[in-house]
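Beneath this line is the structure, given in structure tokens, with notes to follow.
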Amino acid sequence: MIKQTPLIHVEAVSYRNSQKNILSDINFNLSPAEIITIIGPNGAGKTSLLKLILGLLVPTLGRITRRPDVCIGYMPQKIEINPLLPLTVEGLLKLSQPQKISLHLMETILKQVGIPLLKEQSLSTLSGGEWQRVLLARALLRQPNLLILDEPAQGVDVVGQADFYQLLADLRDRLKCAILLVSHDLHLVMAATDHVICLNGHICCSGHPKMVMNDPHFQSLFSTTSRSGKLSILPYIHHHDHRHDGPCHDPA
């Protein structure tokens, strides 16, 4: 079997802003058609790592190498749209692309993400789950070979999250694109993930989801002990007690 060149190679990357160290000595590869999930507590540097890979931040130390043919589709947690603006799903998708897109491509992608009938629907009437799929369609319009998603199922109920992660796995199989995503619950995403990186300023542990869940470092971050002495793993609940830096921009 021929070994493929990684789409993304992260080598000894550290990042510091003016106040503190955010990330230290991060190393990993992202291979074609691979799904990697990044998980970690608030302030762990998850979003900063995505921005470094997108080229929106510059490493303080180390380097990030992107394969020359990498085309990235980026899905932010959300985008701010004035609710008074009379904008449809089709209108948003057209505005999101620097060049004209074909109606056929748009309809194909809306079908792929499971919302083929929402093209003419007003953005103000969308549910949380519908919004997430519109944002995913927006990322797919670039026809990427790498999708980067920042907590893509945030604000969606548990059933909706499970369905969304299964959709990502299906898209990977169908489109042969790699996926790098931040998630707040390994339980829900593990079935659709090849590799997990547990981040807390540095890589605490990494590997197959089941292996990571049994790792002492992961358990120390996401577990509690009951009165009977039994250890249980808690889902990580994301609290917005920090800010995500500014508006999101698609990489060039």
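Some observations on this one:
- Which of Arg67, Arg174, Arg138 has the fewest Cβ neighbours within 10 Å, and the rest in rising order: Arg174, Arg67, Arg138
- Amide hydrogen neighbours beyond the local backbone of Thr60, cut-off 5 Å, H modeled: Ser14, Tyr15, Arg16
- Volume of the convex hull of the chain (Cα atoms only), normalised per residue: 152 Å³.
- Here the translational diffusion coefficient of region 1-97 follows from Stokes-Einstein with Rh set to the Kirkwood radius across Cα pairs; for 20 °C and 1.002 mPa s it amounts to 134 µm²/s.
- A helix-only calculation puts the chain at -8000 deg cm²/dmol for mean residue ellipticity at 222 nm, using -39500 (n - 2.57) for each DSSP H run of at least four residues, averaged over all residues.
- Sorted by Cβ neighbour density within 10 Å, fewest at the top, the residues Lys20, Lys51, Lys111: Lys20, Lys111, Lys51
- Which of His195, His217 has the fewest Cβ neighbours within 10 Å, and the rest in rising order: His217, His195
None of the figures in this text is laboratory data; all of them are computed from the coordinates on show. It should be emphasised that the depicted structure is a prediction, and the values quoted were computed from it without experimental measurement. Heads up, the Cβs are rebuilt from the backbone with ideal geometry, glycines too, and the neighbour counts pull from every protein chain shown.
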